[in-house]
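Here the structure is laid out as structure tokens; the discussion comes afterwards.
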Amino acid sequence: MNVEISLAVNGREWAGEVEPRLTLADLLRDHLALTGTHLGCEHGVCGACTVLLDGQAARSCLTLAVQADGRQVTTVEGLSEDLLPRELFQCGFCRSGFVCSAEALLRREPLPRAVELPELLAGNICRCTGYEPILDALSARLPG
Amino acid sequence: MPGYLADLRAPGALELAFVRSPFAHALIGKISGPAVTATELGVGDLRLGGHGVAPWPWPALARGEARFVGEAVAVVWAETRAEAEDLAESVEVEFEPLEPEAPRRLFERTIDAGAVDVCFQRAEHVLERTFSCARQTPLPLETRGVLAHFEAGRLTLWSSTQIPHILRRGVAQALELEETAIRVLVPEVGGGFGLKAHVFPEELVAAQLARRLGRPVRWIEDRRENLLASVHAHDNEVLMRAAFGADGRVLAVEADLRCDVGAYSVYPFSASLEPATAASAIFAAYDLQGLRVSARAVTSHRCPVGAYRGVGTNTAVYATERMLDLIAGHLGLDPLEVRRRNALRHLPCTTLGGRELDSGDYLELLRRVESVSGYEALRREQAEARRQGKLFGIGLALFNEHSGTGQSEYRSRGIEEVSGLDACRVRVTAEGRIVIHTSSVEIGQNHAPAYRRLTERMLGLEPGRVDIHEGDTDVCPPGTGAFVSRGAVGVLDAIAGALRLAGKQDLAPGTDVTCSIDPKQVFPSGAHLAVVEVDAVTFVPRLKRYLAVEDCGNVIDQRTVSEQIRGGVAMGAGKVLLEESAYGEDGQPLAATLLDYLVPVAADIPRIEIEHLVSPSPISAQGSKGVGEAGTIGAFGAVANAVADAVAPLGAELLELPYGPQRIFAAIQLATTSKQKKGRRLGG
Ligand code: FES
Ligand code: FES
């Protein structure tokens, strides 16, 4: 019943057989040892598992590995450390999701405005910081 | 750092899944399938119940009866988590639903101090209300998790925990092992907020199965389990009466607290946690002549209640601050003025509730709130907004809270299993590096910079020579762990003590000294102000502005303090506006996903303004006090009052948290119908 898929993760090709029910998150974490992508709810609400799928933000807990067949996946491991540095966070568990959501926003054309950020990032939960440090760091890169 | 618990490489590990009760109360009959039940598991009970606490421990697996929805009844394992979950699905349990049991009283604390009856007889006014604090849950973004491995007679337990040494002790008890035969290791922790300060049934099960199966065993909680069967908080009802004069001076307060602690008593805190902390926090920042409190912990068929950022203080401050605003409204006085007239003026002092307040300047806190917020202008802005038909509210809170609880306080609350000690071990390596081991653990509060700075300052070291290493019971000295903001109190004192000892040995390589401290509670304080606008059509409340004036004594690391306050405020605002672990009449939980249990997102939280006042503690060696809970506690008062103030012109009175659109709508409906009735009565 397994399905053969191939995809590029952070620019590297990966091919293999997967169970149809395997999520992209579990593929990344358990099969590719890319544990930077975290799971906070596994039902599509918290945003911790966000990755980029062909440059668009996607919830890897709701995306099946087979849906990523033939596509480009970017995880926190493939993005710059400086985008949202670790010091902005407290426990840091939400960071990978924010980094990927932020990267997706920065790739938009035209760039969103800084005032829109709170709404645009409303799909990522952070339980520790109150969001301000994250929003401030990102606002600095956007038109006001 | 090896990453978070689920990130640990564990070759050959078996993954666990639990079969859980779908009923609030049921007899457990035949279990068919490949599952291990309580009898086969053979794990003992955790010891609970000191002075005044009825023992009612949470078993590793339900024995005979399940007492809440989500309670673990049996366990299965497989090579992967998905397969383990499939197996758990295949297990059939014959449940026989039972009627709910009458609540058991597990703990009671009473306070009867001063001339309560005389004050009530003499007072010009008496106001009575019942406030309720919704059942909520801490919800760290990382769920719980444990990885156990038993090898050569020794158990190694990786756990996402705030309390490594207490976990070691609990597991040793339940599995009848020597504590020295257990090593607890803590990886990066994705948030705790009190939730991870318990020894959980799943940890006992994983440890026992690792011993029995001879293979590493891992359990990673899913969010549904976390929402249904980790710990909840609050679920308190406070019947409060206040006796006061026409000038707004409160003479005496009576409060009756009923704390629903769920199905079992949690380890190590027991069921006394909420009632004991709430009782002493009622009107604790105010000058009273009489205080009578009775606070009880009673069971129900719901998830057990445990520690959560601020514990009972949240309920107490919520009820106290709401009452003060109702008094102000009753007399037509300004809420800030009412607080000024009632605030404690001479510190240090001991409150009627028994809090030994070490330092603080509550009038100055209020003055700062007034000046920094531009209070008068804000009230004018409100008047103008109201003229335009907007529901615009301003809310205040003045409070103190306990931090750094030590041994004697725990014993007096009937809690035997928390040592209350904080400890630090300082080692000097052959290369001359200074290694600091503490009994605490890093859970996102980022205390390492403060520890490092203190070390460099005390020893006169250039930066870069100090290593902090926590979360390993084999090398760290035994102590209490990371909760109730012990870091800024006992842990810092222990570090200072150990550094002094190390200094006496001239930091010679090979130096290895330990200092253990029994801290005495110190009381940070704060005055907060919130501005809320409630949408006039949808009744959705929005937090527009927030100011926290904070006094946590000497500040060791400014950034850490601000981060703690900001995060705490966001959490408290969520508790007031959104969060509720609701149950239906039949004991079925109504919030089993993050779509039903709502937490604040970026768009819900404004920029938090933070101001600092410094009243050094004469008790802690560094003059510092804990700050981890203050933001949350303040928001319970300030945000609640702001929402209530916004809808006050409609005659609505809010008493039940959370103050979401439904509750606001209901309160407005109630006000309208009672006004109509009154009108009819007058007319007819
Ligand atoms: S883990 Fe995917 S959204 Fe929460
Ligand atoms: S830093 Fe802990 S959840 Fe964001």
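The values are calculated or read from the model by the stated rules, or taken from the named source; none is laboratory data. Since we're looking at a predicted model, the values are computed, not measured. For neighbour counting, all protein chains shown are included, and Cβ atoms are generated from backbone atoms with ideal geometry for every residue, glycine included. The area values use the complete protein model at the heavy-atom level, side chains included, leaving out ligands, DNA and RNA. Shrake-Rupley method; radii C 1.70, N 1.55, O 1.52, S 1.80 Å.
Could you give the nm distance between label points at B:Val372 and A:Leu111, where each point is 7 Å from its Cα heading toward the beta carbon?
3.2 nm
For chain B, find the longest principal axis of its Cα atoms and tell me its angle to the long axis of helix B:81-90, 0 to 90°, nearest 10.
Long axis of B:81-90 versus the principal axis of chain B: about 80 degrees.
Starting from 0.36 nm per residue, how many nanometres of slack lie between B:His330 and B:Glu101 once their C-alpha separation is accounted for? Before the final figure, lay out each step's value.
Details: separation 229, 0.36 × 229 = 82.44 nm, distance 4.11 nm.
Here the segment from B:His330 to B:Glu101 would lengthen by 78.3 nm.
Take peptide A:117-128, look around each residue's Cβ out to 10 angstrom, count Cβ atoms belonging to other protein chains, and average those counts. Could you put the intermediate results ahead of the total?
Values: counts 2, 6, 3, 2, 3, 5, 2, 3, 7, 9, 15, 17.
Mean shielding count: 6.
Kindly provide the helix-only [θ] at 222 nm of chain A, computed as the sum of -39,500 (n - 2.57) over DSSP H runs of four or more divided by all residues, to the nearest 500 deg cm²/dmol? Write down the numbers at each step before the final one.
Working: 3 runs with 24 residues, N = 144.
For chain A, the value works out to -4500 deg cm²/dmol.
With a ≥ b ≥ c taken as the square roots of the eigenvalues of the C-alpha gyration tensor of the protein assembly as shown, please select rounded if a/c is under 1.5 and otherwise prolate if a/b is larger than b/c or oblate if it is not?
On the way: a/c = 1.36, a/b = 1.29, b/c = 1.05.
Taking the square roots of the gyration eigenvalues as a ≥ b ≥ c, the protein assembly as shown is rounded.
Taking the Cα atoms only, what angle lies between the long axis of helix B:558-577 and the longest principal axis of chain B, rounded to 10 degrees?
Compared with the principal axis, the helix lies near 70 degrees.
If you take the square roots of the eigenvalues of the alpha-carbon gyration tensor of the range A:86-140 and sort them as a ≥ b ≥ c, do you get rounded (a/c under 1.5), prolate (a/b over b/c) or oblate?
Cα axes put the range A:86-140 in the prolate bin.
Of A:Ala15, A:Ala48, A:Ala58, which has the largest mean-square fluctuation in a 10 Å C-alpha GNM of chain A?
A:Ala15
Mind ordering B:503-510, B:657-664 by average Cβ neighbours within 10 Å, highest first?
Working: B:503-510: 11.4, B:657-664: 20.6.
Ranking, from highest mean packing down: B:657-664, B:503-510.
Specify whether the C-alpha gyration tensor of the range B:421-517 places it in the rounded, prolate or oblate class, a ≥ b ≥ c being the square roots of the eigenvalues: rounded for a/c under 1.5, otherwise prolate if a/b is larger than b/c and oblate if not. Don't skip to the end; give the middle numbers.
Numbers: a/c = 1.66, a/b = 1.46, b/c = 1.13.
Because a/c hits 1.5 or more and a/b exceeds b/c, the range B:421-517 counts as prolate.
Can you tell me the relative contact order of chain B? Whole percent, Cα pairs under 8 Å, sequence separation 6 or more.
Working: 1797 pairs, mean separation 104.0, N = 684.
The value is 15 percent.
Can you give the extra length, in nm with one decimal, that the chain gains between B:Phe665 and B:Thr130 once fully stretched, where that is 0.36 nm per residue apart less the Cα-Cα distance? Before the final figure, lay out each step's value.
On the way: separation 535, 0.36 × 535 = 192.60 nm, distance 1.86 nm.
Between B:Phe665 and B:Thr130, full extension yields 190.7 nm more.
According to a simple spin-label model (label point 7 Å from Cα along Cα-to-Cβ), what is the distance in nm between B:Asp86 and B:Leu347?
Going from the B:Leu347 label point to the B:Asp86 one covers 6.0 nm.
Rounded to the nearest 5, what % of the DSSP beta bridges within chain B are antiparallel ones? Before the final figure, lay out each step's value.
Details: 92 of 120 bridges.
Of those bridges, close to 75 percent are antiparallel.
Once you have the Cα-Cα distance between B:Asp247 and B:Thr39, take 0.36 nm times their residue separation minus that, and quote the gain in nm to one decimal. Write down the numbers at each step before the final one.
Numbers: separation 208, 0.36 × 208 = 74.88 nm, distance 6.46 nm.
That pair, B:Asp247 and B:Thr39, stretches by 68.4 nm at full extension.
Averaged across A:41-50, how many Cβ atoms of other chains sit within 10 Å of each residue's Cβ atom? Could you put the intermediate results ahead of the total?
Values: counts 11, 6, 7, 3, 9, 6, 3, 3, 0, 0.
Mean inter-chain Cβ contacts per residue within 10 Å come to 5.
Taking the simple approach of a point 7 Å from Cα along Cα-to-Cβ for both B:Arg215 and B:Arg154, what is their distance in nm?
2.4 nm
Using the crude model of +1 on Lys and Arg Cβ and -1 on Asp and Glu Cβ, and no other charge, please compute the dipole size for the range B:100-331 relative to its Cα centre, in debye to 20.
Working: 26 positive and 27 negative charges, 138 e Å.
Roughly 660 debye, rounded to the nearest 20.
Which value at 222 nm does chain B reach when only helices count, each DSSP H run of 4 or more adding -39,500 (n - 2.57), with the total divided by all residues and rounded to the nearest 500 deg cm²/dmol?
-9500 deg cm²/dmol
Provide B:Leu41, B:Leu239 ordered by accessible surface of protein heavy atoms (probe 1.4 Å), highest first. List each step's numbers first, then the result.
Working: B:Leu41 5, B:Leu239 65 Å².
Of B:Leu41, B:Leu239, the descending order of accessible area is B:Leu239, B:Leu41.
Of the beta bridges DSSP finds with both residues in the range A:1-81, what % are antiparallel, to the nearest 5?
Numbers: 14 of 16 bridges.
Expressed as a percentage, antiparallel bridges in the range A:1-81 total about 90.
Which FRET efficiency value, to the nearest 0.05, is calculated for B:Asp535 and B:Asp586 with the Förster distance at 35 angstrom and r the Cβ-Cβ distance? Kindly include the intermediate steps, with their values, before the conclusion.
On the way: r = 33 Å, r/R0 = 0.95.
E between B:Asp535 and B:Asp586, to the nearest 0.05, is 0.60.
Would you please put B:319-330, B:479-490, B:342-353 in order of how densely packed they are, using the mean number of other Cβ atoms within 10 angstrom per residue and starting with the highest?
Values: B:319-330: 23.0, B:479-490: 29.7, B:342-353: 16.8.
With the highest mean Cβ count within 10 Å placed first, the list reads B:479-490, B:319-330, B:342-353.
Reachable aspartates and glutamates from B:Lys575, Cα under 15 Å, same-chain residues fewer than 8 places away excluded?
B:Asp235, B:Asp596, B:Asp604, B:Glu629, B:Glu656
What does a probe at B:Leu507 reach in the range B:430-455, counting residues whose amide N is under 19 Å from the point 7 Å along Cα→Cβ?
B:430-438, B:448-455
Return the whole-Å distance between the Cα centroid of the range B:385-420 and the Cα centroid of the range B:145-176.
So the separation of the two Cα centres works out to 32 Å.
Near B:Lys520, which lysines are there with a Cα under 28 Å away, not counting those fewer than 8 places off in the same chain?
Correct list for B:Lys520: B:Lys196, B:Lys504, B:Lys625.
Using the Karplus curve 6.51 cos²θ - 1.76 cosθ + 1.60 with θ = phi - 60°, work out ³J(HN,Hα) for each residue of the range B:117-133 in order, rounded to whole Hz, and write x for Gly and Pro.
5, 4, 4, 5, 5, 7, 5, 6, 10, 9, 10, 10, 8, 10, 9, 10, 10
Between the range B:608-678 and the range B:209-229, what's the alpha-carbon centroid distance in Å?
The two parts, judged by their Cα centres, are 38 Å apart.
Below 23 Å, Cα to Cα, which lysines can B:Lys390 reach? Residues fewer than 8 away in the same chain don't count.
B:Lys544, B:Lys675
Would you mind telling me the antiparallel percentage of the DSSP bridges in the range B:429-572, rounded to 5? If you can, show how the numbers build up before the last one.
Values: 10 of 13 bridges.
That works out to approximately 75 percent antiparallel.
Using 13 Å as the cut-off for backbone N distance, which residues of the range B:465-481 belong to the label zone defined by a point 7 Å from the Cα of B:Arg453 along Cα→Cβ?
none
State the Cα centre-to-centre distance between the range B:464-488 and the range A:84-111 in whole Å.
30 Å
Mind checking the angle between helix B:630-647 and chain B's longest principal axis? C-alpha axes, 0 to 90 degrees, to the nearest 10.
With both axes taken from Cα atoms, the answer is about 40 degrees.
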